[in-house]
Amino acid sequence: MNENQSKSASEHPLADASKSAFATRLRNFVIVMVAVLLSAAIFLGLQTGTSTASLAAMAETATPLEEALSNGKPTLMEFYADWCTSCQAMAQDMTDLKAEYSDRVNFVMLNVDNTKWLPEMLHYRVDGIPHFVFLDRTGETLSSTIGEQPRTIMAANLDALTAGESLPYVQARGRVSGLEAANPGSRPDDPRSHGSQVVQ
């Protein structure tokens, strides 16, 4: 072996180590950049997504129940909770519907986490949320829907409600959050029964 061959052979391990260190640094840099981008995307997604703040804003501007039952307009009553993912998913549609129909329909929002509304929850048999109750001009219950509903179904029901006609979509059940219905075979004193033993 001549001197040039032994010199070039001895440089390869050093060159390989240098290339390996560079590859490791490059890989680590790419991982850090991807992590930063994903974190930013998640943060921005949470900031721009429908949040409980929009539910709170809707509740803040909702017609009070007492006023809705006495002002002679039909009413859409929504039982909701800030933690309810289905309620949050419908928040934008409900805001749009309220903007379109609020001159003809009362929009009432009752938070199921507020014990003040327990009598209404029992009266309207709320066992899942969102729970929508459609009331006529005199405050009588026409129908209800439970769970996440498409905007078109809610709009069709509101059109019929304002016209004094039968609601086209009654007793509909969509995706529900939270409150589970009691097992019919459960004991009346079972704390998981959610008041299903109450008959009015």
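Structural remarks
- Matching option when the condition is farther than 17 Å from G139 by Cα and of a type in the set (A, V, I, L, M, F, W, C), among W117, W83: W83
- Residue tally, condition closer than 18 Å to M154 by Cα and either surrounded by 19 or more Cβ atoms within 10 Å (Cβ to Cβ) or touching a helix residue (DSSP H, G or I) at 6+ places or on another chain (Cβ under 6 Å) (or both), over segment 74-94: 14
- Test for T115: is it polar (S, T, N, Q), surrounded by fewer than 22 Cβ atoms within 10 Å (Cβ to Cβ), in contact (Cβ under 8 Å) with a residue 24 or more places away in the chain and more than 14 Å from A59 (Cβ to Cβ): no
- Residues that are crowded, with 21+ Cβ neighbours inside 10 Å and among the polar types (S, T, N, Q), drawn from segment 118-161: T145, Q149, N157
- Segment 17-47, residues that are surrounded by 10 or more Cβ atoms within 10 Å (Cβ to Cβ), under 30 Å from Q88 (Cα atoms) and of a type in the set (S, T, N, Q): S39
- Residue in segment 104-111 that is over 15 Å from A62 (Cβ atoms) and either modelled with pLDDT of 95 or more or basic (K, R) (or both) present: yes
- Listing of helices (runs of 4 or more DSSP H) fully contained in segment 57-146 that carry 3 or more residues being assigned by TED's automatic domain parsing to the domain that holds T162 and either under 19 Å from the mean Cα position of the chain (by Cα) or within 24 Å of A163 (Cα to Cα) (or both): 65-68, 85-101
- The residues of segment 56-72 that are in contact (Cβ under 8 Å) with a residue 60 or more places away in the chain and crowded, with 20+ Cβ neighbours inside 10 Å amount to a single one, A68.
The values are calculated or read from the model by the stated rules, or taken from the named source; none is laboratory data. Everything numeric in this text was worked out from a predicted model, so none of it was measured. We place every Cβ from the backbone using ideal geometry, glycine too, and count neighbours over all the protein chains shown.
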